[in-house]
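Every read-out reported here was derived from the displayed coordinates using simple, explicitly stated rules and does not represent laboratory data. All values derive from a computational prediction rather than experimental measurement. Every residue, glycine as well, gets a Cβ built from its backbone with ideal geometry; the counts of neighbours run over all protein chains shown.
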Amino acid sequence: MSRIGRKPIPLPKGVTVKIEGNVVAVQGPKGKLDTPLPRGIRVEQQDGNLVAIRENDSQAAVHGLARALVNNAVEGVTKGWTRELEIVGIGYRAELKGKGTVVFSLGYSHPIEYPLPSGIDAAVDPKQTKLTITGIDRQKVGQVAAEMRSLRPPDPYKNKGVRYSGERLKKKVGKTGAK
């Protein structure tokens, strides 16, 4: 039995849930999210909680997944999700251009413009080396952060590039001199 799948999802005040077929629509103070459920999993509302129920043991693999996706939606519409990026390197920086574009200077011959998808906001600190991505959809926030990191992933020799905040990197030793 899935331990995560059996765990009930508490519904905070101000969150409404509509279950229509295999789609769970969650609405809260920050917005509205629709979460599709895998076949064979249904969600029921029981005394202020949501419970994920599977039809039989063939859906055991997706039971915990379905519960986690609905829980992420509930948490997203109440608190929201954030991902922080650090930009390390001389001359490497990011700045906001207008409301929906982030411009990166990452040591290439040209600046890179990254248009933000709808529902995602970005904030750059005054030093232009820290970037905070926020939104209500956890998957979208993580995807945008991963795409921004892939513009210049951290170099294993000099540790320069775009990295997640708190990411531990293994630094490689460079060439050794001729003996």
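For region 104-116, backbone phi angles converted through the Karplus equation (6.51, -1.76, 1.60; θ = phi - 60°) give residue-by-residue couplings of 9, 10, 10, x, 7, 6, 9, x, 9, 9, 10, x, 7 Hz, Gly and Pro being listed as x. What separates the Cα centres of region 157-177 and region 72-97 is a distance of 21 Å. Cα to Cα, under 26 Å, and not fewer than 8 places away if on the same chain: which lysines meet these conditions relative to residue 13? Residue 13 reaches 30, 32, 79, 140. Among the trypsin sites (Lys or Arg not before Pro) within region 3-38, those in coil by DSSP and having at most 12 neighbouring Cβ atoms inside 10 Å are 13. Once C-alpha pairs closer than 8 Å and six or more residues apart are averaged by separation and normalised to the residue number of the chain, the relative contact order reads 18 percent. Projected onto planes of every orientation and averaged, the convex hull of the alpha-carbon atoms in region 81-164 covers 5.2 nm².
In straight-distance terms, cross-link reach from residue 127 covers every one of the lysines whose alpha-carbon lies under 20 Å from its own, apart from those fewer than eight places away in the same chain; here that gives 97, 99, 160. Its DSSP H runs of at least 4 residues, each contributing -39,500 (n - 2.57), put the calculated 222 nm mean residue ellipticity of the chain at -6000 deg cm²/dmol, to the nearest 500. Pairs of Cα atoms nearer than 8 Å and 6+ residues apart set the relative contact order; for region 3-78 it is 38 percent. Among the GluC sites (Glu not before Pro) in region 78-170, those located in a DSSP loop and surrounded by at most 12 other Cβ atoms within 10 Å of their own Cβ are 167.
Quotient of the Cα radius of gyration of region 40-102 and 2.2 N^0.38 Å, N being its number of residues: 1.85. Sorted largest first, the principal axis extents computed over the alpha-carbon atoms of region 3-78 equal 36, 19, 17 Å. Backbone amide hydrogens, once placed in the peptide plane, bring residue 80 within less than 5 Å of nothing, excluding anything fewer than 5 places away on its chain. Computed from Cα positions, the angle between helix 138-149 and the longest principal axis of the chain comes to roughly 10 degrees.
For the chain, a simple Cβ point-charge model (Lys and Arg +1, Asp and Glu -1, everything else neutral) yields a dipole of about 920 debye relative to the Cα centre. A simple rule links phi to the HN-Hα coupling: the Karplus curve 6.51 cos²θ - 1.76 cosθ + 1.60 with θ = phi - 60°, which for region 4-15 gives 6, x, 7, 5, x, 9, x, 9, x, 5, x, 10 Hz, with x for Gly and Pro. For the chain, the spread of Cα positions along the three principal axes, ordered from largest to smallest, is 68, 47, 23 Å.
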